[in-house]
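The values are calculated or read from the model by the stated rules, or taken from the named source; none is laboratory data. Not measured: the values here are computed from a predicted model. Glycine gets a Cβ as well: all are built from the backbone with ideal geometry, and neighbour counts include every protein chain shown. Surface accessibility is based on the protein's heavy atoms, side chains included, excluding ligands, DNA and RNA. Shrake-Rupley method; radii C 1.70, N 1.55, O 1.52, S 1.80 Å.
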Amino acid sequence: MTRVHASCVTIDGRAVLIEGPSGSGKSDLALRLIDRGAVLISDDYPELTAVNGRLVASAPATIAGRIEVRGIGILATPAAPPCPVALLIRAGTPERMPEPQTCAMLEIAVPMILLQLTEPSAPLKVELALREAGAIRS
């Protein structure tokens, strides 16, 4: 088991990790995805475990069901149970037409995209990338 500095939500039973430096918009993007129907797994430090060749994300008990909303504080929100990770979103400037990328986490390859977390279309891009990641695995 390891912890990563990221936010994590689940969309249709698949976890999306959102990585980036402090203040880059991880929790903000998670909040916007929650507004679109995602459910929080963990804000700030999800725990990752390798289970039967799959990467599974969960929340540490101390922060389960809590999300930091910058300018307001730490708020309670419904939380999802542990969930397999299907996509890693990494804060950054994407190429216009990037090649598919993966990132090894606990020796498990996870599809990854770079994304400007605070741009208005970021939640839609996450959903599209998650759909593509699922299509690639099928």
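Observations on the model:
- Only one entry in ALA109, ALA104 is in contact with a Ser or Thr (Cβ under 7 Å, 6 or more places away or on another chain) and not in a helix (DSSP H, G or I), namely ALA109.
- Residue selected from the stretch 5-30 under the condition within 12 Å of ARG90 (Cα to Cα), not basic (Lys, Arg) and not in a strand (DSSP E or B), by the criterion most open to solvent (accessible area, probe 1.4 Å): PRO21
- PRO78 being closer than 19 Å to ALA133 by Cβ and either modelled with pLDDT under 95 or of a type in the set (Phe, Trp, Tyr) (or both): no
- Hey, THR62 without any contact (Cβ under 8 Å) to a residue 40 or more places away in the chain and more than 15 Å from the chain's Cα centre (by Cα) or not: yes
- Of LEU48, LEU33, all but one fail to be surrounded by 20 or more Cβ atoms within 10 Å (Cβ to Cβ), more than 24 Å from THR118 (Cα to Cα) and at pLDDT 95 or above; the exception is LEU48.
- Considering each residue of the stretch 86-95 in turn, at least one proves to be in contact with a Ser or Thr (Cβ under 6 Å, 6 or more places away or on another chain), modelled with pLDDT of 95 or more, of a type in the set (Gly, Ala, Ser) and closer than 19 Å to LEU124 by Cα.
- ALA64 meets each of the listed conditions (1) out of contact with any Asp or Glu (no Cβ under 6 Å at 6 or more places or on another chain); (2) open to solvent by less than 30 Å² (accessible area, probe 1.4 Å) apart from (2).
- Just so you know, in the stretch 82-96 the residues that are in contact (Cβ under 8 Å) with a residue 24 or more places away in the chain and of a type outside the set (A, V, I, L, M, F, W, C) include one that is surrounded by the fewest Cβ atoms within 10 Å (Cβ to Cβ), and it is GLY92.
- Only one entry in GLU99, GLU119 is surrounded by fewer than 19 Cβ atoms within 10 Å (Cβ to Cβ) and either under 20 Å from ILE11 (Cα atoms) or modelled with pLDDT of 95 or more (or both), namely GLU119.
- Boolean, LEU106 is open to solvent by 30 Å² or more (accessible area, probe 1.4 Å), of a type outside the set (Ser, Thr, Tyr) and free of Cβ contacts under 8 Å to residues at least 40 places away in the same chain: no
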